[in-house]
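To start, the structure under review is shown below, and the notes come after it.
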Amino acid sequence: MDSVIQLVRNSFKTEEVRKKILFTAGIFLVFRIFAHIPVSGVDIASLKVLFAENQFLGLLDIFSGGTLANFSIMGLGLNPYINASIIMQLLTLVFPKLEALSKDGEQGRQQINQYTRFLTVPLAILQALGMYALLRNQGLIGNLDPLHLVSFVATMMTGTMILVWLGELVSEKGVGNGISLLIFAGIVGRLPVVIGQTVSTITGDNALSILSFLAMGLFVISSIVLINEATRQIPVYYAKRLRGNKASGGQSTHLPLRLNQAGVIPIIFAVSLVLIPSLLAGYTATSSIGMLRDFGQFVTIWFQSTGFIYNAVYFILVVAFTYFYTAVVFNPSKIAEEIQKYGGFIPGIRPGTQTASYLNYILTRITLVGAAFLGFIAISPTIISKFTGMESLLLGGTGILIVVSVVLETVKSIEANIVTRNYDAFVN
């Protein structure tokens, strides 16, 4: 606790860090204001009742940043942008030009980000049309003429692009990852509602279930912190070098391989994909076309958020995306090349190709533990509800994971900024 208080003090003592924190807080305020500006023509009261009764829609609302239940102009949230990011990363593996661009430093990454923004626009339009179909099927919005439909779609698409812009502003001028922080802000913004619903359901009969849920929640939070901070230390030795009369090197250090290299990104990607079948089912279950209606009813029955198939697919997607994103962010060949370049070696392993193979061998195995843990956290709401019977309490392991992970990453980012500013001041 003392270290946290000291970190807050140091953050506000350093002028540049203080400005970044206040800027991020200002973006949060803007986001929450936009989150309460509704789209016209939607029955908000009935919509909130529908979301309160449907666990799937509640999960979708969390990943829209808490804006969907209010059906604000940012009701689509960041889902189109996240889907566009997934598509671009997959295309990077398929097209050599995009792969070369991704390796072209900061300029290449900015170009890929630009392509991702362009792709977000048509995806947002498609999702806005799908959302209109869902609301119309539920009787929450009337049939719109072409002009009003274009206005509806344009409003939803614009809200998503504003949200993407706010996230990029936070990444550039604030602290931490802007996209993750906005999702975090949406989840935290929903906490008063979740707590209020929970308090209203407390009776003598379910008090024990609530205590059990709280105990499990504390266990999940402590496990998330433990896994996020866990690393496998690979010893690296550097040979001595003689330059004239001076000797350099001869030191030993460790290469830390995190158990969860990918952070919270895989679970966000997996949620974006696992929600698609249920969304399609909502659009087609009342269709006049027999094949589409049968598909919607089939998915509704067999792909429920508390069912085995849904949770199995969710678990597999989380594991797959953990491996995929780890391969994107950590390149064993490049690390091995850097170690060899500076005269380093891992004891018992030849520099170069064998070092890269060894790092890949270690990384594959520790990633399995991290991926399995993320998968368990993703499906933990269903598991906990089976033990406690308290479905109204479920903020969800996914939400808890995002909150804890984003807090840890943001704290590290603030610490890094403080150290950098103090070092610059010392040098100057």
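The requirement of being among the small types (Gly, Ala, Ser) and not in a helix (DSSP H, G or I) is not satisfied by GLY159.
Number of residues in the range 321-348 that are in contact (Cβ under 8 Å) with a residue 24 or more places away in the chain and either β-branched (Val, Ile, Thr) or not in a loop (DSSP other than H, G, I, E, B) (or both): the value is 14. Mind checking which residues of the range 153-167 are under 23 Å from LEU273 (Cβ atoms) and either in contact (Cβ under 8 Å) with a residue 60 or more places away in the chain or touching a Gly at 6+ places or on another chain (Cβ under 7 Å) (or both)? Passing the criteria: MET156, MET157, GLY159, THR160, LEU163, VAL164, GLY167. Just one residue in the set THR353, THR286 is at pLDDT 80 or above, of a type outside the set (Gly, Ala, Ser), over 17 Å from ALA371 (Cα atoms) and open to solvent by 40 Å² or more (accessible area, probe 1.4 Å); that residue is THR353.
Among the residues making up the range 123-152, those that are open to solvent by 60 Å² or more (accessible area, probe 1.4 Å), farther than 16 Å from ILE276 by Cα and either assigned to a helix (DSSP H, G or I) or at pLDDT 85 or above (or both) are ARG136, PRO146, LEU147, HIS148, VAL150, SER151. Across the range 156-170, the number of residues qualifying as surrounded by fewer than 19 Cβ atoms within 10 Å (Cβ to Cβ) and not charged (D, E, K, R) comes to 5. Would you confirm whether or not the range 407-414 contains a residue that is of a type in the set (A, V, I, L, M, F, W, C), farther than 24 Å from VAL313 by Cβ and at pLDDT below 75? Within the range 407-414, none of the residues are of a type in the set (A, V, I, L, M, F, W, C), farther than 24 Å from VAL313 by Cβ and at pLDDT below 75.
Would you mind stating whether GLN107 is out of contact with any Gly (no Cβ under 9 Å at 6 or more places or on another chain) and closer than 20 Å to ILE267 by Cα? Spelling it out, it is not the case that GLN107 is out of contact with any Gly (no Cβ under 9 Å at 6 or more places or on another chain) and closer than 20 Å to ILE267 by Cα.
Annotation: GLY77 fulfils all but one of (1) closer than 30 Å to VAL17 by Cα; (2) of a type outside the set (Lys, Arg); (3) in a helix (DSSP H, G or I); the unmet one is (3).
The values are calculated or read from the model by the stated rules, or taken from the named source; none is laboratory data. Since this is a predicted model, take the numbers as computed values, not measurements. So basically every Cβ, Gly included, is an ideal-geometry build from the backbone, and we count neighbours across all protein chains shown. Calculation scope for accessible area: heavy atoms of the full protein, side chains included, ligands and nucleic acids excluded. Shrake-Rupley method; radii C 1.70, N 1.55, O 1.52, S 1.80 Å.
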